[in-house]
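Throughout, read-outs are computed from the coordinates displayed, never taken from laboratory work. What you see is a predicted model; the values in this text were computed from it and never measured. Here the Cβ positions follow ideal geometry from the backbone for every residue, glycine too, while neighbour counts run over all protein chains shown.
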Amino acid sequence: MDTTNTPTEVRPSWDEYFMGLARAVALRATCSRGRSGCVIVRDKQLLVTGYVGSPKGLPHCNDVGHQIKKTIHEDGHITEHCVRTVHAEQNAICQAARCGVVLENSTLYCRMTPCRVCAMLIINCGIRRVVCEYRYHAGEESEQMFKEANVQLEFFNEEVLNY
Ligand SMILES: [Zn+2]
Ligand SMILES: [Zn+2]
């Protein structure tokens, strides 16, 4: 038996450490369709956290059910999304706005490739690196925007999440 690398002796890397925090934050999510959490970090220091949930004071999916809207895509296929919630990435950015935290040159850790809107906000906040636990099956547009805007995008896991 190889005892040189037992789990208790292995310290997580910084990326693993912050991804672990993002997973813990996700436990507070209030929409079961997209239970995700996110942390934003600079110089190995935690700046803000966010999880998927309704705007402050509005009812949560947990309590009143989802608010589903259909989207008809250019090729005709239809997808359904819950629109009641502010995404984890957006909530982390809002927390920074409320608390006056500068996000320039920071790194964001999240569950999967941010959606199109989140990607645009991430770019304009000055976040320079995005680390996702999984690749989102419909994340190509975000991937392309990050590339054009020179935001470094990395994946922990090559498994693609269909969601
Ligand atoms: Zn929901
Ligand atoms: Zn999003």
Starting from the coordinates of the alpha-carbon atoms of the range 63-126, obtain the Kirkwood hydrodynamic radius over all distinct pairs and give the value in Å to one decimal. 13.8
Potential extension, LEU58-GLU148 segment - 0.36 nm per residue separation minus Cα distance: 28.8 nm
Choose one answer from ALA88, ALA97, ALA119: the residue with the largest mean-square fluctuation in a GNM of the chain with alpha-carbon springs under 10 Å. ALA97
What is the distance, in nm, between label points placed 7 Å from the Cα along the Cα-to-Cβ direction at GLU140 and at THR79? 1.2
Inter-centroid distance (Cα atoms) of the range 102-121 relative to the range 12-88, Å: 12
Hey, quick one: spin label on SER13, modelled 7 Å out along Cα-Cβ, who in the range 113-131 has an amide N within reach, i.e. under 15 Å? 130-131
Out of LEU58, LEU27, LEU108, a Gaussian network model of the chain with alpha-carbon springs under 10 Å gives the largest mean-square fluctuation to LEU58
Stretch in the chain that is longest and holds no GluC sites (Glu not before Pro) that DSSP places in a loop and that have at most 15 other beta carbons within 10 Å: 1-73
What number, rounded to the nearest 500 deg cm²/dmol, is the helix-based mean residue ellipticity at 222 nm of the chain, given -39500 (n - 2.57) per DSSP H run of at least four residues and division by all its residues? -8500 deg cm²/dmol
Write down Rg/Rh for the chain, rounded to two decimals, with Rg from the C-alpha atoms and Rh from the Kirkwood relation over Cα pairs. 1.00
Just to be sure I understand: with springs between alpha-carbon atoms less than 10 Å apart, which residue in ILE93, ILE123, ILE72 has the highest mean-square fluctuation in the Gaussian network model of the chain? ILE72
If you keep only loop residues by DSSP, which trypsin sites (Lys or Arg not before Pro) in the range 32-94 have at most 13 other Cβ atoms within 10 Å of their Cβ? LYS44, LYS56
